[in-house]
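Values quoted throughout were computed directly from the atomic coordinates according to the rules given, and no laboratory measurement underlies them. Everything quoted here is computed from the prediction, not taken from an experiment. Don't worry about glycine lacking a Cβ; one is built from the backbone with ideal geometry, like all the others, and counts go over all protein chains shown.
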Amino acid sequence: MDIRTWIEALPPAQIAALIFGLRSFDLTVATLRMLLVVQGRRGAAWVFGFVQATSFAIGAATILANLQNPINILAYAAGFATGNVIGITIQSRFIPGYSLMRIISSRRGSLVTEGLRESGHGVTEVAAEGLQGTVSLIYCYVRRGAVRRTAKRIRTIDPEAFLTVLNVRQLRGGWLT
């Protein structure tokens, strides 16, 4: 029995679930592949790209062969959205790497720096000029999976701090050595 005959033998609800699952998987892998490309990890990006293309082809063929049921189109769209969320969640929690947190604090920079150092983070504090005078510009490298927790800690110390987070491709030296 070939795959098309197998799919056509499924009840409509199972076809919709299959379409949802394939599209969710495809987009999860696509999101992770894109992040691997940005990190310059060619070998892993190739493997993820191969898996993604295969999953996409099977999912697209399945949806195109079953367009008569509007639930299948909704399952495809829901799988797309779900796959993005799953991919981002996996990346932020499980893929190793660092992010650079830039914190601008107008009044509590030293307290933020001290709190981050107590948490084991490498921190550099620089005096900078803001619209209303001197501010602390704080640079802190954080493991990707700890960004939310660290941002929450910063907000408890200084609720008015301005915070940006950038992905870092490579990290050498500094407090890691």
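Would you work out which of Leu18, Ile95, Leu74 lies farthest towards the positive end of the dipole of the chain, given +1 charges on the beta-carbon of Lys and Arg and -1 on that of Asp and Glu, about the Cα centre?
Projecting each Cα onto the dipole axis, the largest value belongs to Ile95.
Across the stretch 3-9, in residue order, what do the Karplus-derived ³J(HN,Hα) couplings come to in whole Hz, using 6.51 cos²θ - 1.76 cosθ + 1.60 with θ = phi - 60° and x for Gly and Pro?
Once θ is set to phi - 60°, the couplings for the stretch 3-9 become 5, 5, 5, 4, 5, 5, 7 Hz.
Once every DSSP H run of n ≥ 4 in the chain is given -39500 (n - 2.57) and the sum is divided by its residues, what mean residue ellipticity at 222 nm do you get, rounded to the nearest 500 deg cm²/dmol? Please report the intermediate quantities before stating the final value.
Numbers: 6 runs with 103 residues, N = 177.
Result for the chain: -19500 deg cm²/dmol, rounded to the nearest 500.
Through the Karplus equation 6.51 cos²θ - 1.76 cosθ + 1.60, θ set to phi - 60°, convert the phi angles of the stretch 106-115 into ³J(HN,Hα) values in whole Hz; use x for Gly and Pro.
Residue by residue, the stretch 106-115 yields 7, 10, 10, x, 5, 5, 5, 4, 4, x Hz.
Any chance you could give the angle, 0 to 90 degrees and rounded to 10, that helix 12-38 forms with the longest Cα principal axis of the chain?
With both axes taken from Cα atoms, the answer is about 40 degrees.
Identify the residues of the stretch 17-58 with backbone N under 16 Å of a label point that sits 7 angstrom from the Cα of Asn84 along the Cα-to-Cβ direction, or state none.
Only 23-35 fall inside the zone, counting backbone N under 16 Å.
Across 5 Å bins from 0, what is the distribution of all Cα-Cα pair distances for the stretch 3-94, in whole percents?
3, 16, 23, 22, 15, 11, 7, 4, 1
Mark the label point 7 Å from the Cα of Arg41 along Cα→Cβ and return the residues of the stretch 59-94 whose backbone N is within less than 17 Å of it.
Answer for the stretch 59-94: 86-94.
Kindly write out, for the stretch 151-167 in residue order, the coupling ³J(HN,Hα) from the Karplus curve 6.51 cos²θ - 1.76 cosθ + 1.60 (θ = phi - 60°), rounded to whole Hz, with x marking Gly and Pro.
4, 5, 4, 4, 5, 6, 7, 9, x, 9, 5, 9, 10, 10, 10, 10, 6
Got a sec? Which residues in the stretch 21-52 would a label at Leu166 touch, if it sits 7 Å along Cα→Cβ and we count backbone N under 12 Å?
Of the residues in the stretch 21-52, none has backbone N under 12 Å from the label point off Leu166.
Report the Stokes-Einstein translational diffusion coefficient (µm² s⁻¹, integer) for the stretch 98-176, Rh taken as the Kirkwood radius over Cα pairs, at 37 °C with viscosity 0.692 mPa s.
Taking Rh from Cα pairs, D becomes 261 µm²/s.
Give me the Å³ per residue figure for the convex hull around the C-alpha atoms of the chain.
156
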